[in-house]
Structures are given as C-alpha cells and as structure tokens.
1. If you stretched the chain out fully between GLU29 and HIS76, how much longer would it get, using 0.36 nm times the residue separation minus the C-alpha to C-alpha distance?
2. Apply the Debye scattering formula to the range 54-146, with a single equal point scatterer on each alpha-carbon and no solvent, then give log10 I(q)/I(0) at q = 0.19, 0.24 Å⁻¹.
3. Could you work out how much longer the chain between SER20 and PHE154 gets when fully extended? Use 0.36 nm per residue separation minus the Cα distance between them, nm to one decimal.
4. If you take every DSSP beta bridge whose two residues both sit in the chain, what share of them, in percent to the nearest 5, is antiparallel?
5. Subtracting the Cα-Cα distance from 0.36 nm times the residue separation, let me have the gained length for LEU133 to SER109 in nm, one decimal.
6. Please say if the chain is rounded, prolate or oblate, where rounded means a/c under 1.5 for a ≥ b ≥ c the square roots of the C-alpha gyration tensor eigenvalues, and otherwise the choice is prolate for a/b larger than b/c and oblate otherwise?
7. What FRET efficiency comes out for ASP40 versus ASP6 if R0 is 35 angstrom and r is the Cβ-Cβ distance? Round to the nearest 0.05.
8. With a sphere of radius 10 Å drawn around the Cβ of GLU3, what net charge do the other residues whose Cβ falls strictly inside it have (Lys, Arg +1; Asp, Glu -1)?
Amino acid sequence: QLEISDSIVDLQNASSQSLSLAECKVMLERVTVFGSLVVDWLYATETIITGIANVANTQAGCFRFSASLAASRVPHAYESNFPADFAGMFTSKIFGQPGYAQLSQVAASFLQTGAENRSEIGAFSSLMNPIKLDGLKAKLGEYAPFGLLPVFIFET
C-alpha cells in the first residue's frame with residue numbers, strides 16, 4: 001500500500017514519466033502529480049494528475065474532488081474534472097522556481113475552488129488560499145473607505 005498526502009510527485013524528468021505500481025493500493029490526498037499514473041487500485045481526493053490516470057480496478061476505490069486528463073480511466077469519479085490539458089494551469093513546473101507546482105491565477109475555476117471545502121485542489125489545498133482571499137475581499141468590501149478600490153498582488 002502506498003499513501004501520499006500533501007505532496008508533489010514530479011515524474012517529468014523520469015524515463016517513463018509515469019508511476020506504475022502493480023498489485024498495490026494507492027491512496028492520494030491533496031497531491032499534485034506531474035506525469036501519468038498506472039495502478040491497480042486508487043483512492044484519490046483533492047488530487048491533480050497532469051497525465052493520464054489508468055486504474056485497472058474501477059469497481060473499487062474513488063476519485064473525488066480531483067482532476068486528470070480526459071483520456072483517464074478512474075474509479076467512481078465524484079465532483080472531478082477531466083480537462084484536455086493542463087497548459088498554463090501552474091505558475092511553474094520547474095523544481096526550484098518560487099511558484100513550483102502552485103496553481104496560476106488564470107487556472108480553471110474547477111482547480112482553484114474544486115476541493116471539498118472549496119479550496120484549491122492539489123498539494124497546496126491545505127493552505128486554503130482561495131478561502132482566505134474570499135474572507136479578505138469580504139472584509140475589505142465591508143470596512144474599506146467609500147471609493148477605494150483594492151488591488152490584490154499575489155507573490156509566490
């Protein structure tokens with residue numbers, strides 16, 4: 001059994017660019033996977049798989065509040081999305097860069113607010129940045145002086 005949570009799995013520089021595990025139960029919680037996944041059994045929640053997910057046993061496990069490429073074969077997809085590609089969805093895919101694996105501000109809304117608690121999905125889900133931003137906007141709208149328009153500047 002393999003359990004990964006609150007992590008980034010980067011397979012971009014691997015020879016096959018996919019994680020293949022036979023006869024293994026894989027559990028992913030709040031994970032960003034750069035690459036493909038080939039497993040027998042999968043339970044994934046709030047997870048982004050930028051490649052194709054191919055799960056042999058689609059009768060067991062779950063794929064909830066997650067995203068993978070459109071050609072993926074996953075078990076019991078619930079509140080999940082399957083875009084054609086993930087181009088431009090991340091600030092940076094290069095390890096060592098300040099915005100590595102962070103969702104960009106122009107990422108699709110199903111990634112930015114697709115978690116069960118309406119936070120972003122992926123490795124940074126537990127930071128709850130979209131929820132904090134919504135709270136900040138609400139307070140600014142309530143207490144800011146009339147006519148003042150706030151400008152939000154995001155830093156990595």
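1. Details: separation 47, 0.36 × 47 = 16.92 nm, distance 1.58 nm.
Gain on stretching GLU29 to HIS76: 15.3 nm.
2. -0.96, -1.22
3. Result for the pair: 44.6 nm of gain on full extension.
4. Numbers: 1 of 33 bridges.
Counting DSSP beta bridges with both partners in the chain, the antiparallel share is about 5 percent.
5. Numbers: separation 24, 0.36 × 24 = 8.64 nm, distance 1.42 nm.
Taking LEU133 through SER109 to full extension adds about 7.2 nm, to one decimal.
6. Values: a/c = 2.64, a/b = 1.92, b/c = 1.37.
Prolate, because a/c is 1.5 or more and a/b exceeds b/c.
7. Details: r = 24 Å, r/R0 = 0.68.
About 0.90, to the nearest 0.05.
8. Net of charged neighbours comes to 0.
Bear in mind that the values in this text are calculations on the coordinates, not laboratory data. Since we're looking at a predicted model, the values are computed, not measured. All Cβ positions, even for glycine, are placed from backbone atoms using ideal geometry, and neighbour counts span all protein chains on display.
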